[in-house]
Amino acid sequence: MDKFVIKGGNPLVGEVEIGGAKNAALAILTAAIMTDEPVTVENIPDVSDINVLLEAISVIGATTERIDRHTVRINGSTIGSISVDYEFIKKIRASYYLLGALLGKYKRAEVPLPGGCNIGSRPIDQHLKGFRALGATVEIRHGVIVASAENLHGAHIFMDMVSVGATINIMMAAALAQGNTIIENAAREPHVVDTANFLNSMGANIKGAGTDVIRIRGVEKLHRSSYAIVPDMIEAGTYMFAAAATKGDVLVKNVIPKHLEAMTAKLVEIGCDVEEFDDAVRITAKHRLGRTHVKTLPYPGFPTDMQPQISVVLGLAEGTSIVTESIFENRFKYVDELARMGASIKVEGNTAIIDGIATLTGARINAPDLRAGAALVIAGLAAEGITVVEDIVYIERGYEDFDKKLRLLGAEIEKVTEEREIQKFRLRVG
Ligand code: EPZ
């Protein structure tokens, strides 16, 4: 099993280039099968979640062709099945976007019901409620969601909670329904906006994405398009907090600074300097940082996908901070791992009370999920001595070239498989 071995203590200094947003790409690549004409999508991150989704798309018969590492051409005209294999849903929940895409295009879809995952139980009732409102019959049979309709029609849908996945899934199906759909209490995340923009580039008529009311006028069919995915705000935020944790100075390039504002505001509040440029932000942390309180919220609030990373930074800040996780119930699993590095964090329900300490010490730890894994790497970069992060397969689901990009910033980090490689690393770094 691959692991990262890290010698901590180097401030991160330099420039890092951010790739396309994984969570936008998952939705957009799925939406690309909704036309029978070819679609080219650029700025796709080369991460395992995307590669699994592309496999799921090609297994139902769509043609997928990788033009280069970050560009894919998809043609949905060759699709021969509306039934998605459980193997894909098990590996990557976002394959459930095929439900909205196939239902919209073929008025029928069969996708296994995803189970819970490492960060929480993650029900999809709002997705199904939306499809039903559009006129589909939705049943669960033998673990599979079977959705079908003679005709989909527009509807006025009130979401019971703000859900990125449900907003996108319903938007896709409604794009090819007859008449007008209004989604109220819609998610406002940049990846929702990017998916709407992409669908519009294929001829859909979607207005209001980025606000909490999205209006969709159904069209008969979609057409060819060429589109580039927005930069990944969570990848960017991860490097911003890595710079803060290591008292570094990092220019995070190829970002949309507006998408990063919740994170920028917290970094400034705890004592970092943040300079904004047109498509970059520079984070400088010169002194020990200060405490703050954070509550995760849907966009434009502080993202749940950045909760572990900010908690690591606060674990090293002066004073006591309170972090409240309000989106997923199981997103503090990394705290036990951080405790092995000396952190002083007490979790009560959905709240972590963090007493900042001056230094963490390297230890052997396990990545419990994608973002927590990235946060533990940040902890290792800031800690004294050697840290080994196991189960990095989670990290590779969402971060392209994580170790390589960190090395370019001066980090001593290597990806290893064997124990003896860890010994070699220890000897080399002293
Ligand atoms: C998306 O998940 C992201 N995944 C997650 O990123 C991210 O953490 C999350 O949004 C919140 O920002 C993708 O975009 C592929 P939700 P999603 O539906 O769409 C509840 C990462 O690390 N809910 O917005 O599944 C749900 O349980 C991943 O990149 C229902 O109750 O999240 C949660 O409490 C992890 N019923 C809240 O809503 C529903 O039908 C928000 O979930 C749907 C959601």
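The values are calculated or read from the model by the stated rules, or taken from the named source; none is laboratory data. Everything numeric in this text was worked out from a predicted model, so none of it was measured. Glycine also receives a Cβ, built like all others from the backbone with ideal geometry; neighbour counts cover every protein chain displayed. The protein model used for the area step is the full one, side chains on, heavy atoms only, and it has no ligands, DNA or RNA in it. Shrake-Rupley method; radii C 1.70, N 1.55, O 1.52, S 1.80 Å.
Accessible surface computed residue by residue for the chain, with neighbouring protein chains in place and a 1.4 Å probe, gives 38 Å² per residue.
The mean sequence distance of close C-alpha pairs (under 8 Å, at least 6 residues apart), as a share of the length of segment 22-228, puts its relative contact order at 21 percent.
What shape does segment 85-152 have by the C-alpha gyration tensor, where a ≥ b ≥ c are the square roots of the eigenvalues, rounded means a/c under 1.5, and otherwise prolate means a/b greater than b/c and oblate the rest? Verdict is prolate for segment 85-152.
Full extension of the chain between Thr361 and Ser201 yields a length gain of 52.6 nm, computed as 0.36 nm times the residue separation minus the alpha carbon distance. Averaged over residues, the count of other Cβ atoms within 10 Å places the peptides 324-333, 243-252 in the sequence 243-252, 324-333, highest first. Spatially, segment 364-414 and segment 86-155 are offset by 34 Å when compared through their Cα centroids. With 19 Å as the limit, write out which pairs from Lys266/Lys286; Lys3/Lys266; Lys266/Lys404 have Cα-Cα distances beyond it, or answer none. From the list (Lys266/Lys286; Lys3/Lys266; Lys266/Lys404), the Cα-Cα distance tops 19 Å for Lys3/Lys266; Lys266/Lys404.
Assign one of three labels to segment 22-228, namely rounded, prolate or oblate, based on the Cα gyration tensor with a ≥ b ≥ c the square roots of its eigenvalues; rounded applies when a/c is under 1.5, prolate when it is not and a/b is larger than b/c, and oblate otherwise.
Cα axes put segment 22-228 in the rounded bin.
Its Cα centre serving as origin, the chain has a Cβ charge dipole (Lys and Arg +1, Asp and Glu -1) of approximately 300 debye. Reported value for segment 32-152: 106 Å³ per residue, from the convex hull of its C-alpha atoms. Our helix-only sum for the chain, with -39,500 (n - 2.57) per DSSP H run of n ≥ 4 divided by its residues, gives a mean residue ellipticity at 222 nm of -9500 deg cm²/dmol. The accessible-area ordering, largest first, of the residues Ser201, Ser121 stands as Ser121, Ser201, per a 1.4 angstrom probe. Inter-label distance, Ser148 to Ser81: 1.8 nm, where each label sits 7 Å from its Cα along the C-beta direction. For segment 97-107, the Karplus equation 6.51 cos²θ - 1.76 cosθ + 1.60, evaluated at θ = phi - 60°, returns couplings of 5, 5, 4, x, 5, 6, 4, x, 7, 10, 6 Hz by residue, with Gly and Pro reported as x. Couplings for segment 187-204, taken from phi via the Karplus curve 6.51 cos²θ - 1.76 cosθ + 1.60 with θ = phi - 60°, read 6, 10, 4, x, 6, 5, 4, 5, 5, 5, 4, 5, 4, 5, 5, 9, x, 6 Hz in order; Gly and Pro are left as x.
Secondary structure note: in segment 22-228, about 75% of the DSSP beta bridges are antiparallel. Take every Cα-Cα pair in the chain and report what % of them are more than 43 Å apart. The answer is 13 percent, as a whole percent. Ligands, DNA and RNA left out, the 1.4 Å accessible surface of the chain is 49% carbon and sulfur atoms.
Of the residues Gly14, Ala317, Met159, the one whose Cα sits farthest toward the positive end of the charge dipole of the chain, with +1 on the Cβ of Lys and Arg and -1 on the Cβ of Asp and Glu, is Met159. Label positions at Lys404 and Thr211, each projected 7 Å from the Cα along the C-beta direction, are separated by 4.3 nm. Each residue of segment 26-31 was assigned a 3J(HN,Hα) from its phi angle through the Karplus expression (A = 6.51, B = -1.76, C = 1.60, θ = phi - 60°), giving 4, 6, 5, 5, 5, 4 Hz with x at Gly and Pro. Taking the Kirkwood radius as Rh and the Cα radius of gyration as Rg, segment 325-422 has a ratio of Rg/Rh equal to 0.97. Tell me whether segment 318-359 comes out rounded, prolate or oblate; compute the Cα gyration tensor, take square roots of the eigenvalues as a ≥ b ≥ c, and use a/c under 1.5 as the rounded threshold. It comes out oblate by the Cα gyration axes.
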